[in-house]
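Notes follow the structure.
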Amino acid sequence: MQNYTTNKIMEGFYSIEEGFVRCFLIEGHKEALLVDTGVGSGDLKKYVEEITKLPVTVIFTHADGDHTANAARFERRLMHPCEFDYYRSRNEKAVSMEPLWEGDIIDFGSYRFEVILIPGHTPGSIALLEREKRFLIGGDSIQIGSIFMFGNGRNFEAYRASMKKLQGRLKEFDTVYASHNVLSVEADTINTLYTAAGKVMENKVSGRPEERFDGKVKCYETDGVSFYAV
Ligand SMILES: [Zn+2]
């Protein structure tokens, strides 16, 4: 069964769609970069090898289970160390990760990414900024879809601070590629998320109970974006 589909975003830059979640594959001159490894509905390694023959390095935007399945199938794996505890606590079969730090430059020749730490959704969530091509890969933290902000390690205050941090970089990119829901959102969405997170923190938005969880989790929707929180 085919569980993945590929969508070419620009030359050498693809999204790999896996139902409700997506990964990104970027072909450099000698190596390829895979951003996240999905929820594990199929053999992603095999699928990626059909797209590129280049050796693949994986960078994880964060350690949620829908982004890290299949991790063991890849040889080179990088994650921010603030995510290590969370990753290991949720995975009996956790594999070792190389550290990835704020400000690191990942240069693949045709693409060059700067690592920006944006905690909140999880402690070691990162974004990858491609300044020349003016886009950001934002993981779960920037999207038009409910952002999970309940459970261990989620922190609204940190999230809002991270959006503020990205507001300081808005002159450097136009588009954000998201892991869920709509593939690309305008950079301005970061302003909306900053404002919306503030409203939720200040109890200015009333939540509606979300039945798919245990009844305690509510959906807080405002300004066209939303969060799941307790
Ligand atoms: Zn996710």
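Bear in mind that the values in this text are calculations on the coordinates, not laboratory data. Model, not experiment: these values are computed from the prediction. When we count neighbours, we look across all protein chains shown, and the Cβ atoms used for this are built from the backbone with ideal geometry, even at glycine.
When only Cα pairs under 8 Å and 6 or more residues apart are kept, what is the percent relative contact order across segment 1-153?
Working: 306 pairs, mean separation 24.1, N = 153.
That works out to 16 percent.
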Rounded to the nearest Å, what's the spacing between the alpha carbon centres of segment 37-52 and segment 102-123? Just the number, please. 22
Helix 189-201 axis, angle to the chain major axis (alpha carbon atoms, nearest 10°): 40
Could you list SER41, SER146 so that the one with the fewest beta carbons within 10 Å of its beta carbon is first and the one with the most is last? SER41, SER146
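How much of the DSSP beta bridge set in the chain is antiparallel, as a percent to the nearest 5?
Details: 36 of 50 bridges.
In the chain, approximately 70 percent of DSSP beta bridges are antiparallel ones.
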Whole-Hz couplings from phi, Karplus 6.51/-1.76/1.60, listed for segment 210-221; x for Gly and Pro: 9, 5, 5, 9, 8, x, 7, 7, 10, 9, 9, 10
Report, in degrees rounded to the nearest 10, the 0 to 90 angle that the Cα long axis of helix 156-167 makes with the longest principal axis of the chain. 60
Quote the charge dipole size of the chain about the Cα centre in Debye, to the nearest 20; the model charges only the Cβ of Lys and Arg (+1) and of Asp and Glu (-1). 280
When a/c is below 1.5 the answer is rounded, else prolate if a/b is larger than b/c, else oblate, so apply that to segment 68-191 with a ≥ b ≥ c taken from the square roots of the Cα gyration tensor eigenvalues. oblate
How long are the three semi-axes of the equivalent ellipsoid for segment 140-230, computed from the Cα gyration tensor as the root of 5 times each eigenvalue, in whole Å, largest first? 23, 14, 11
What residues qualify as long-range amide H neighbours of LEU78, i.e. H under 5 Å apart, gap of 5 or more or another chain, H built at 1.01 Å from N? VAL58, ILE59, PHE60, GLU98
Put a dot 7 Å past each Cα toward the Cβ at SER206 and SER110; how far apart are the dots in nm? 5.3
Suppose every K and R has +1 on its Cβ and every D and E has -1 on its Cβ; what is the size of the dipole of segment 163-211 about the Cα centre, in Debye to the nearest 20? 260
When 1/r is averaged over all different Cα pairs and the result inverted, which Kirkwood radius in Å belongs to segment 49-139? 13.7
Compare the Cα positions of SER179, TRP101, MET201 along the charge dipole of the chain (+1 at Cβ of Lys, Arg; -1 at Cβ of Asp, Glu; about the Cα centre) and return the one farthest towards the positive end. MET201
Semi-axes of the chain from the Cα gyration tensor (sqrt of 5 times each eigenvalue, largest first, whole Å) come to 27, 20, 16
Starting from the amide H of PHE173, placed 1.01 Å from N in the peptide plane, find each other amide H under 5 Å away whose residue is 5 or more places distant or on another chain. none
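Report the Stokes-Einstein translational diffusion coefficient (µm² s⁻¹, integer) for segment 81-128, Rh taken as the Kirkwood radius over Cα pairs, at 10 °C with viscosity 1.306 mPa s.
Numbers: Rh = 11.9 Å.
D, rounded to a whole number, is 134 µm²/s.
Give me the percent of DSSP beta bridges within segment 120-230 that run antiparallel, rounded to the nearest 5.
Details: 13 of 18 bridges.
Antiparallel bridges make up about 70 percent of those DSSP assigns within segment 120-230.
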Backbone HN-Hα couplings from phi across segment 106-120 [Karplus 6.51/-1.76/1.60, Hz, Gly and Pro as x]: 9, 10, 10, x, 6, 9, 9, 10, 9, 7, 10, 6, 10, x, x
Around GLY153, under 14 Å between beta carbons, what's the net of Lys plus Arg minus Asp minus Glu among the other residues? -2
Relative contact order, percent, of segment 174-230 when contacts are C-alpha pairs under 8 Å separated by at least 6 residues? 22
For ARG154, residues with placed amide H under 5 Å, excluding near neighbours: none
Got a sec to turn the phi values of segment 47-61 into Karplus ³J(HN,Hα) couplings, 6.51 cos²θ - 1.76 cosθ + 1.60 with θ = phi - 60°, whole Hz, x for Gly and Pro? 5, 5, 5, 6, 8, 9, 9, 6, x, 10, 9, 9, 10, 9, 5
